[in-house]
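K.L.:
Attaching a single structure in structure tokens format; questions to follow.
All of the numbers you see were taken from the coordinates with simple rules; none came from a lab. Bear in mind the structure is a predicted one, so any value in this text is a computation, not a measurement. Cβ atoms come from the backbone with ideal geometry, glycine included; neighbour counts cover every protein chain shown.
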Amino acid sequence: MSYTTAKHAVVGMIRHAALELSADRVRVNGIAPGVVLTPLIAKAFGVPVDRADALVTFLEKRLTGTHLMGDPTMNRPYIVCHMMTALDGKITGPYMKTKAVNGASDEYERINASYHPQAWLCGRVTTDDNFTFYQKPALDRHAPAIPEGDHVAAADARMHYVSVDPSGKLGWKTNTVKYEDRPVAHVVEVLTAKASNAYRAFLRKMKISYIVAGKDQLDCKVAAEKLKSLFKIETLMLSGGGFINWSFLQAGLVDELSLVIAPVADGENDTVTLFEKSSYLPDHLPVEFSLKGVEMGKGDSVWLRYSVKNSKHRERAHRNRGRENDPAH
Ligand SMILES: NC(=O)c1ccc[n+]([C@@H]2O[C@H](COP(=O)([O-])OP(=O)(O)OC[C@H]3O[C@@H](n4cnc5c(N)ncnc54)[C@H](OP(=O)(O)O)[C@@H]3O)[C@@H](O)[C@H]2O)c1
């Protein structure tokens, strides 16, 4: 009460002085310094006192409503599926080697940075294609028993590369990755309980963090929640491939789709598209989107932004499905 009263009093004083002194042609301005992350503010906004970046993303969401970022009231990060595709929806293939993708690639990185993420997440195949190159991990079959559960090797990394690797296959050589102009990212592996003791020992030896999400099958929800609670990830870019994108989308965990389209098509029929249904997923209901924005970009690229309607949609689809077998409908 006293805090708020004092703030309003300052504004009142400025207004009054401006009115009173305007007759003498004196202009009175008030300068507000913006929000400073004090313990009081941290408590009020529900962010950690040492995480100015979390406060910034929270305020961006509240004030602009444009780039919706991490919400301290949510127990998982704000998840943006951010992808670049050809006109035919392909996310990989011969078109990637054409000049037509240059402008779109620049836009892809620029837009990625504009979300101020603390992590990007990819599937096992994407990691092998870009960082681990299908090398086998150096496993010690006689490694001592590793405690159950998660392992945080670096709790304060500025950027994280989250790699979904359910069985523990990736042959990492370092615990960081460098991609384009992004900050060096600490590697976090998402395993399931079926990953071996030897693989978990390997990750610990490499100083790579890991979380366990699911028994045999990946539990995307658990993964998302642990990424927030253990690594303070407020905004997560879900960055392919198609199988991991669809896994998160089906689980109702994608808040926004950010799609950069390059002006090219290659018509390949054996390459993956933006979303691909995998056999390990139980159902594959269609998902609807609402358009949030369209922008033209460099090199004839287009940036499309959508919010995802699937939580409601899934409920309705499930209800309708039940009715098909119900003689009352
Ligand atoms: N254009 C772009 O913006 C862009 C972005 C990213 C990637 N890409 C390209 O996309 C291609 C790879 O895409 P992809 O769709 O084939 O592979 P992906 O999504 O990168 O990885 C698929 C793998 O992830 C694991 N996985 C995914 N969802 C799972 C789930 N629900 N449960 C258990 N495991 C799950 C499985 O690993 P296991 O096989 O080990 O079980 C699965 O084989 C690459 O060529 C890459 O370069 C393009």
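K.L.:
Among Y306, Y95, Y3, which comes first, then next, by fewest other beta-carbon atoms within 10 Å?
P.N.:
Y3, Y306, Y95
K.L.:
For segment 187-234, just say rounded, prolate or oblate: build the C-alpha gyration tensor, square-root its eigenvalues into a ≥ b ≥ c, call rounded for a/c under 1.5, and beyond that prolate if a/b exceeds b/c, oblate if not.
P.N.:
Numbers: a/c = 3.42, a/b = 1.22, b/c = 2.80.
In terms of gyration-tensor shape, oblate.
K.L.:
What number does the chain give for Rg over Rh if you use C-alpha atoms and the Kirkwood radius? Could the numbers behind the result be given before it?
P.N.:
Working: Rg = 23.9 Å, Rh = 22.4 Å.
Reported Rg/Rh, Kirkwood definition of Rh: 1.06.
K.L.:
Suppose each label sits 7 Å from its Cα in the direction of the beta carbon; what would the I14-N130 distance come out to in nanometres?
P.N.:
4.4 nm
K.L.:
Hey, quick one: spin label on L40, modelled 7 Å out along Cα-Cβ, who in segment 1-29 has an amide N within reach, i.e. under 14 Å?
P.N.:
Of the residues in segment 1-29, 1-10 have backbone N under 14 Å from the label point off L40.
K.L.:
With each pseudo-label sitting 7 Å past Cα toward Cβ, what's the Y280-I146 distance in nm, one decimal?
P.N.:
So the two model labels end up 1.7 nm from each other.
K.L.:
Sorted by packing (mean other beta-carbon atoms within 10 Å per residue), highest first, where do 292-300, 230-238, 182-190 land?
P.N.:
Ranked by mean Cβ neighbours within 10 Å, highest first: 230-238, 182-190, 292-300.
K.L.:
While we're here: For the chain, what are the DSSP H helices with axial Cα length of 15 Å or more and mean Kyte-Doolittle hydropathy of at least 0.0?
P.N.:
2-22, 52-64, 220-231
K.L.:
Roughly how many Å is it from the Cα centre of segment 223-250 to that of segment 145-196, as a whole number?
P.N.:
The distance from the Cα centre of segment 223-250 to that of segment 145-196 comes to 13 Å.
K.L.:
For a protection proxy built on the mean count of beta-carbon atoms within 10 angstrom, sort 135-144, 149-158 highest first, please.
P.N.:
149-158, 135-144
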